[in-house]
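The values are calculated or read from the model by the stated rules, or taken from the named source; none is laboratory data. Bear in mind that the values here come from a model prediction, so they are computed numbers and not experimental data. Using ideal geometry, Cβ is built from the backbone for each residue, glycine included, and neighbour counts are taken over all protein chains shown.
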Amino acid sequence: MSTGLNDNEMISKVLSGDHQAYAGLVNRYQQYVFTLTLRMVKNREDAEEMAQDVFIKAYKYLADFRGASKFSTWLYTIVNNTCITFLRKKRPDIHSLDDDKMFELADSQDSGFRANLVEQKSKLAMINNAIAMLNPDDAQVITLFYKAEQSLEEIAGILGLEANTAKVRLHRARTRLKEKMETCFAEEIKDL
Amino acid sequence: MNTNNSNIPHTGGTGGMEERLWNYIDGNTSPKEKTGIIKLLDSNAAWKAKYKELLEIHQLIQSSELEAPSMRFSKNVMDEIARVHIAPATKTYINKRIIWSIGIFFIVLVVGFVIYSIGQTDWAAPNTTTDKYVGKIDFSRIFSNTWVNVFMMINVVLGLFLLDNYLSNKRKAFRKT
């Protein structure tokens, strides 16, 4: 296995013909990619399909990775583009945040998450569920910053934004997460 | 941004306070701004309480877990990859010479037209004709047309957009220095 190698070394191996070396990259990034796709598409089956698609695209265009950025940043750009395309195709299922039905839907999802929470009863489950309840853009920016360890400049590059806009988006996402936690998990927060 | 008014010991609204505190927690503050916030945290109970609250959220988010795909995920990807070939790098099949040739062709075309137009001008003719007519043009008639006005409005908006872009780039360059 190629686990001891860094990303660029693994990429060089893959490009020189050792296709199995790509498994190292898949193993290293599968959770990050899957978390990001799940945060965006909100459905495990679709998210897994999406994540698989991302790794296949990354493999196909690996020769185009010039190393100007981190491999993870390049990979998350593919995640973003793939998810955007998927969400555009599934547009009829997507509701505006101003839509009353959206809140009803969110409420029903909240009850589902809350029921799940009773079983798990942990602050980790609470924060994961709260992030999952956010809209895809907010969940994505939080995941990129906190879990995928991307800087604001890198997030801006991935999302095609200015660094300042990425910063504002992160602030807003955290504010919405805080509101979500206060409204949906008020009891659990008290227990913390 | 707030980093510019770090030396002002104002408490600001909740929004401003939150934004500055998030910047402080993320480590995105200048040394001057950092000192200002530390001072506020020492002296102002509201700032201290908000900082504690935001820090708790920050730590909670940091403790969130990554989701794991199914056990077969990696194998599925590798199986799919066996059927795919790595595409050659874009730079290997985009021939820069072709792009340059197209560019040069259009430049030559434009320059050719300009030279031809200049060549057609009768430089010996007196230029009194232009002086005679320029003053007589009735601009009010030209700009009374709706389409012309719409066209001019679009130009003005585009001009403002370009100016804004130019100024924001300048500001960014200035901040970097």
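Tabulated data
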read-out	value
Neighbours by Cβ (under 7 Å, 6+ apart or cross-chain): first from segment B:67-91, facing chain A (nearest Cβ under 8 Å); second at pLDDT below 90	B:ILE81/A:HIS19
Conditions (1) closer than 30 Å to A:ASP46 by Cβ; (2) of a type in the set (Asp, Glu); (3) over 34 Å from the mean Cα position of the chain (by Cα); number of the one not met by B:GLU65	(3)
Residue in segment B:39-58 that is at pLDDT 90 or above and within 30 Å of A:GLU48 (Cβ to Cβ) present	yes
Checklist (1) facing another protein chain (nearest Cβ under 9 Å); (2) crowded, with 16+ Cβ neighbours inside 10 Å; (3) without any contact (Cβ under 8 Å) to a residue 24 or more places away in the chain applied to A:ALA63, failing item	(3)
Test result for A:ILE84, within 18 Å of A:GLU154 (Cβ to Cβ), more than 8 Å from chain B (Cβ to nearest Cβ) and without any contact (Cβ under 8 Å) to a residue 24 or more places away in the chain	yes
Unique residue being in contact with an Asp or Glu (Cβ under 8 Å, 6 or more places away or on another chain), of a type outside the set (Gly, Ala, Ser) and either at pLDDT below 90 or in a loop (DSSP other than H, G, I, E, B) (or both) when the list is B:THR29, B:THR3, B:THR11	B:THR3
In segment A:43-72, the residues that are assigned to a helix (DSSP H, G or I) and of a type in the set (S, T, N, Q)	A:GLN52, A:SER72
Hits in segment B:34-72 (condition: assigned to a loop (DSSP other than H, G, I, E, B), of a type in the set (S, T, N, Q) and either in contact with a Ser or Thr (Cβ under 7 Å, 6 or more places away or on another chain) or exposed (fewer than 12 other Cβ atoms within 10 Å of the Cβ) (or both))	B:ASN44
Those residues of segment A:66-81 which are away from every other protein chain (no Cβ under 14 Å) and either touching a helix residue (DSSP H, G or I) at 6+ places or on another chain (Cβ under 6 Å) or in contact (Cβ under 8 Å) with a residue 24 or more places away in the chain (or both), in sequence order	A:SER69, A:LYS70, A:PHE71, A:THR73, A:THR77, A:ASN80
Enumeration of residues in segment A:43-60 that are touching a residue at least 12 places away in the same chain (Cβ under 8 Å) and surrounded by fewer than 19 Cβ atoms within 10 Å (Cβ to Cβ)	A:ASP46, A:LYS57
